[in-house]
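Rule-based calculations on the coordinates, nothing more; no lab input. Keep in mind that this is a model prediction, so the values were computed, not measured. As a convention, Cβ positions derive from the backbone with ideal geometry for all residues, glycine included, and neighbour counts pool all protein chains shown.
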Amino acid sequence: MSLKSNLHSLKEKYRGTKMAPAFNALHTFLYAPNETTQSGSHIRVVDDLKRTMNTVILALVPCLIFGMFNAGYQHHLALGDIGRADGFFSAIFWSWDNLVIGLWKVLPLVIVSYGVGLAIEFLFAVIKGHEVEEGYLVTGMLVPLIVPIDTPLWMLAVAVAFGVVIGKEVFGGTGMNILNPALTIRAFLFFAYPTWMSGDKVWVHGAVARDKAIAAGQNVDAISGETVLGSLAQNHEPAYSVADMFFGMIPGSVGETSTMLILLGALFLIFTKIGSWRIIVSTVLGALTMGLIFNLVVSQGWITESSKFFGLMSTTWWHHLLIGGFAFGAVYMATDPVTGSQTNIGKWYYGFFIGFISILIRVFNPAYPEGVMLAILLMNVFAPTIDHYVVQGNVKKRMKRLKVKTA
Amino acid sequence: MALLSKKDTKLITDPFADNNPITIQVLGICSALAITAELKASIVMAVSVLFVLGVGNVVISLMRNIIPSKIRIIVQLVVVAALVIIVDQVLKAFAYELSKTLSVFVGLIITNCIIMGRFEAFALGNGPWRAFLDGIGNAAGYGIILIIVGFFRELLGSGTLLGFPVLGNPIPGELTGLYALGYENNGFMLLSPMALIVIGIIIWIQRSRNKDLIED
C-alpha cells in the first residue's frame, strides 16, 4: 500500500474521534482529499484555500531569503568586518558568512512563529471540533518578516498566542477575523515591549547585546542601527542611497527592507490573481498623494527646518514607498482578502486611505514610525463600513434605474 | 435558622456569578477600564462602590414611598452625590496619593451605571434590608471583577502586586528573579485596551462554563 492510501485508511480510523481535525489537517496538507461532492451543484477547482495560502508563501520566500542575507550583512557591516556592498549582486552581500548569521537568527523566529501559531490552531480545532483552517500558514510566514531581528523568542511566542487567540479565534477563526492577525501580533509586540520594537538598537543583530556590554563596563564601540525612518524623524540625513533603499540593504524588520523583491512578489500575486491589484495600486496612490502634500507644504515655506517634522516632510514624495515597511504592508498585509474591502469600488477607498494615513502617521508621530501597521489595522476596522456604503450606493443606483424603466 | 433566607442569599450570590454587573450586564465598564492598572486602586474603588451602593440602596429604599416618581432621578443623584463626596473626602484625607491615582473616577462613581441601575431596579421597590443585600451583592460582583482585572494587569504590566515586586528586581544591572532570565514587563497591560481584553477573556471563560448565558 502506498503512503497515500495508508493515510486515507487512517483517516477512516480517526473519523468521528476528537483527533480527527488534527489528523485531517496533516493529511490534506500532503495530498488532495479523497472525498468528492456527491450532490448539489459544484465546480472543480484547484485553487482552494490551501493553494491560495501557498502562493502567498511562495511570494514571500524571496523576502525571507534576502532578509537572512541582510541580517548578516547589517551585522557584519556594523561591526566593521566588511565594507559597503555596491549594487544588488555584490559578493560582499551574498556571502556565506552573512547567510550563517541570517539562518541562525531568522530560522528560530520562523520556527517559533509556526510552532506556537499552529499549536493553537490545532488546539482550537480539536476543542471546537472543526477542521484546522489554513489561515495561519501565511500569518506564520509574515510574522518573522515584520519583527526586528533580535526579538526575544519568548516575546514572539506570547505575541503569536495573543494574536491568534484574540485576533482570530475569538471571532470564529480564519475568514471571520476583523483584524489582520499578523499585524495584531506585531501591534501587540509594539505596545507591550516598545524597547524591543523601536529605537536605533533593535534592527541590527548584536546592537542590543553590545549596548549591554558597554553598560557592564566593557570597552567596545556601540553599534548604531538606525533605520532610514528613524534618522529622518530626527531630521538627520539618512546614510543610505536611494539604490540601497530600493534593493533593501538597509536596517529594518527582517523581510520588509527590499522594495525590489516586494515588487516582484506583488507582480507574482497580481499575476496569479491572489492579491488585489486595486488595493496595491490605490495604497501606493494614497501614499504618493500624502507625500506630495507634505512636499508642497515644505516648498511653500509653511514649515521650516526648525520644525521637528521637517525631515520626514521634506522627504522626496516617492521615497516614502522605499523606506520603512510601507511596501511590505501594501503588498502582503493590505491585500488580505479577509480583512480588506470585498467590493471593487470599496478596495479603492480602502487602499487609498491606508496609504494616505500611513504617511500621515509616519510624519506626525515619530514615536510610531511605522504608520503602515496602524493604518492597515485602522482600515481593517472600517472595511465593512466601506463595503456597506458601496453596496447601498449600488442598490440606490439600480432602484433609480428601475423607476425610470417602469415610469 | 440560617442568617439569611434562601431568597436573600441569592441577592448576594447572584451578582457574583450569573448576573454579574460587569460581565453579564456590561455596566460600569468605564471605571473598570480606567483604574485597574494597579491592584490597590482596584481594591479601593471596589470598597468605595461597596459603601456607596450599600448605603445608597438603603437610603433610597427608606425613602421609596415619599419620592415623587417624576423627580426620582434627581433625588437619587443627590443621594449618590452626597455619598460620593464623603468617600472622596475620606480618600483625600487618609490616602492622598491613591486619590490622585483614582482622580476623577471617584467623582464619576455618581455616573456609574450600576448604582443608578440598582436604585431604579431594586431599591425603589424593596425594603431596606433586601435593598442593602442587593447593593452589597452587586457592588461585590463589580468589585471582584475589578480586583481580578487589577491583579493581572499589575502583575503582568508592572511585575508587582500592591506595589511589592513579586517577580524580581527589574532595574538593569541588578536583575533578579524572572527578570534575570530575560523576562520583561508587558507595557500593553498598563494601557486601557488591555483591560477591555482581560474583561473580554473573563466573559469568555464565564460563558463557556455556563452555556445558559450565551445569547443567540
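Taking packing as the residue-averaged number of other Cβ atoms within 10 angstrom, the listed peptides B:63-71, B:90-98 run from highest to lowest as B:90-98, B:63-71.
Per residue of A:183-195, other chain Cβ atoms within 10 Å of the residue Cβ number 3 on average. Take every Cα pair under 8 Å whose residues are at least 6 apart in sequence, average their separation, divide by the length of the range A:195-290, and the relative contact order is 17 percent.
Each label point was placed 7 Å from the Cα along the Cα-to-Cβ direction; for B:Ile147 and B:Asp8 their separation is 2.3 nm. Projecting the Cα atoms of A:Pro238, A:Ala215, A:Val143 onto the dipole axis of the range A:126-242, where Lys and Arg carry +1 and Asp and Glu carry -1 at the beta carbon, places A:Ala215 farthest toward the positive end.
Springs join every pair of Cα atoms under 10 Å in this Gaussian network model of chain A, and among A:Met19, A:Met290, A:Met260 the largest mean-square fluctuation is at A:Met19.
Between helix B:39-63 and chain B there is an angle of about 0 degrees, using the helix long axis and the longest principal axis of the Cα atoms.
Max-minus-min Cα coordinates of the protein assembly as shown on each principal axis give 89, 73, 68 Å, with the largest extent listed first. Between A:Ile65 and A:Val381, full extension at 0.36 nm per residue minus the direct alpha carbon distance yields a gain of 110.5 nm. Each label was represented as a point 7 Å from its Cα along the Cα-to-Cβ direction; for A:Trp277 and B:Leu181 these points are 5.3 nm apart. Nearest 10 degrees, 0 to 90: what angle lies between the long axis of helix B:72-94 and the longest principal axis of chain B (Cα atoms)? So the inclination is approximately 40 degrees. Taking 0.36 nm per residue of separation and subtracting the Cα-Cα distance, full extension of the segment from A:Leu264 to A:Ser241 would add 6.2 nm. Label zone of A:Phe364 (point 7 Å out along Cα→Cβ, amide N under 15 Å): in the range A:314-341 this covers no residue at all.
Charges were assigned to the Cβ only: +1 to each Lys and Arg, -1 to each Asp and Glu. The resulting dipole of the protein assembly as shown about its Cα centre is roughly 2460 debye. The stretch between B:Ile214 and B:Asp18 holds 69.5 nm of extra length on full extension. This uses 0.36 nm per residue minus the Cα-Cα distance.
Across the residues of B:176-188, average count of Cβ atoms on other protein chains within 10 Å? Intermediate values should be presented prior to the final figure.
Numbers: counts 0, 0, 0, 0, 0, 1, 4, 3, 7, 2, 8, 6, 10.
So the per-residue partner count for this stretch is 3.
Here the Gaussian network model covers chain B, with springs between Cα atoms less than 10 Å apart; of B:Pro170, B:Pro128, B:Pro15, B:Pro170 fluctuates the most. On the basis of the beta-carbon distance and an R0 of 45 Å, A:Ala161 and B:Ile67 show a calculated FRET efficiency of 0.30. With the highest mean first, a sort of the peptides A:261-273, A:239-251 on other beta-carbon atoms found within 10 angstrom per residue produces A:239-251, A:261-273.
In whole percent, what relative contact order does the range B:1-89 give with Cα contacts below 8 Å and a gap of six or more residues? Can you show the working numbers first?
Details: 23 pairs, mean separation 16.1, N = 89.
Relative contact order, the range B:1-89: 18 percent.
With the contact rule set at Cα under 8 Å and sequence spacing of 6 or more, what percent relative contact order holds for chain A? Numbers along the way, then the final one.
Values: 615 pairs, mean separation 60.0, N = 407.
The value is 15 percent.
Taking 14 Å as the cut-off, the amide N atoms of the range A:151-186 that come nearer than this to a point 7 Å along the Cα-to-beta-carbon line of A:Ile127 belong to A:161-173.
Of the peptides B:194-200, A:179-185, how do they stack up when ordered by the mean number of other Cβ atoms within 10 Å, highest first? Write down the numbers at each step before the final one.
Values: B:194-200: 19.3, A:179-185: 26.7.
Highest mean packing first, the order is A:179-185, B:194-200.
Net charge of the neighbourhood of B:Thr101, taken over other residues with C-beta under 10 Å away and scored Lys/Arg +1, Asp/Glu -1, is 0. Our coupling estimate for the range A:274-289, obtained by passing each phi through the Karplus curve with A = 6.51, B = -1.76, C = 1.60 and θ = phi - 60°, is 8, x, 7, 5, 4, 5, 4, 5, 5, 5, 4, 4, x, 5, 5, 4 Hz, Gly and Pro reported as x.
Measure out, as a whole number of angstrom, how far apart the alpha-carbon centroids of the range B:121-157 and the range B:8-77 sit. After rounding, the separation between the Cα centres reads 6 Å. Note on A:Leu49 and A:Asp97: the model spin-label points, each 7 Å out from Cα along the C-beta direction, lie 4.7 nm apart.
Computed from Cα positions, the angle between helix B:192-209 and the longest principal axis of chain B comes to roughly 70 degrees.
How shielded is A:152-162 by partner chains, expressed as the average number of their Cβ atoms within 10 Å of its Cβ atoms? Kindly include the intermediate steps, with their values, before the conclusion.
Details: counts 3, 1, 4, 4, 0, 0, 2, 2, 0, 0, 4.
Rounded to a whole number, the mean comes out at 2.
With a Förster radius of 22 Å applied to the C-beta separation of A:Asn394 and A:Val170, the computed FRET efficiency comes to 0.10.
How high is the FRET efficiency between B:Leu108 and A:Leu10 when r is their beta carbon distance and R₀ equals 45 Å, given to the nearest 0.05? According to the calculation, E is roughly 0.15.
Given only helices, namely DSSP H runs of n ≥ 4 each adding -39500 (n - 2.57), what is the per-residue ellipticity at 222 nm of the protein assembly as shown, to the nearest 500 deg cm²/dmol? Please list the in-between numbers first.
Numbers: 26 runs with 381 residues, N = 623.
For the protein assembly as shown, the value works out to -20000 deg cm²/dmol.
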